[in-house]
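So the structure is just underneath, and the comments pick up after that.
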Amino acid sequence: MSKQFWIALLVVAAILGGILAVSNHHKPLADGSSGTPTEHIEGKGSTGVKLVEYGDYECPVCASFYTAAKEVAAKYSDQITFQFRNLPLTAIHQNAFAGARAAEAAGLQNKYWEMHDLLYTNQSAWAQASDPKSFFDGYAAQLGIDATRFNADYASESVNNAINADLAAFHQTGDEMATPTFYLDGKKLDNTKLVDSSGEPSVAAFSALIDAEIAAKNKH
């Protein structure tokens, strides 16, 4: 696919995000006040540089960025930390919150990143399903997760509040709701600059920005 196609897709996502931000602005989040934002982090972070992604497991653009983001996290595993937080756009993605529940529930059995990976690599299977939980149960079994505990955690108030706390944390940035949204040391990245000449999400494009941020930090 062309770079123009990907840029157009990202622009549409941003516009939809803006619509969501306006429509949800006056709607209170479902009791995220008693939760704290999630802290799912990979990498040793020896340079102090941090890359954060706010993502939606049902979002097709997030799925397109998944492989590049994973490769970036692996490439810089010693130098940076990579963090994923939930931003389910429930107004347009009916199963997004459910996907976030599955990942958070798996995380309570130390299988967060494994479930994260399965949700993205199998997105086309569960995203439009009338019963996505049946797919999540299969992924949990595949990962050796205790089913009884997974079911309880999936439905729990604590998991619900953790996801809503991530949403609240994103709202505090003042940015429009669009996924994926990446922040490099607190600075929002332009997704159209994270793709290569063919329009595909690019490890090289991420790397150029990360290398520059590491170099800037080394000057201090």
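Bear in mind that the values in this text are calculations on the coordinates, not laboratory data. Fair warning: this is a prediction, and the values are worked out from it, not measured in the lab. Glycine also receives a Cβ, built like all others from the backbone with ideal geometry; neighbour counts cover every protein chain displayed.
Sorted on the mean count of surrounding Cβ atoms within 10 Å across their residues, most packed first, peptides 58-68, 105-115 read 58-68, 105-115. The convex hull of the Cα atoms of the stretch 34-150, projected and averaged over all directions, covers 7.8 nm². Here is the P(r) of the stretch 118-166: all C-alpha pair distances, binned every 10 Å from 0, give 24, 46, 30 in whole percents.
For the stretch 65-112, the convex hull spanned by the alpha carbon atoms encloses 87 Å³ per residue. Among 93, 116, 171, the order by Cβ neighbours within 10 angstrom, fewest to most, reads 171, 93, 116. Under 12 Å from the Cβ of residue 155, count the other residues' Cβ atoms, weight Lys and Arg +1, Asp and Glu -1, and hand me the total. Around residue 155, the surrounding residues sum to 0.
I want the local charge near residue 67. Using Cβ-Cβ distances under 14 Å, sum +1 for each Lys or Arg and -1 for each Asp or Glu among the other residues. Here the count lands on -3.
Projected onto their three principal axes, the Cα atoms of the stretch 27-102 cover extents of 39, 30, 20 Å, largest first.
Longer than 27 Å from Cα to Cα, which of 75/193; 75/111; 133/188; 133/187; 44/133 are they? Say none if no pair is. With Cα atoms farther than 27 Å apart: 133/188; 133/187; 44/133.
To the nearest µm²/s, what D does Stokes-Einstein give for the stretch 3-216 at 20 °C and 1.002 mPa s, using the Kirkwood radius over alpha carbon pairs as Rh? Calculated translational D: 122 µm²/s.
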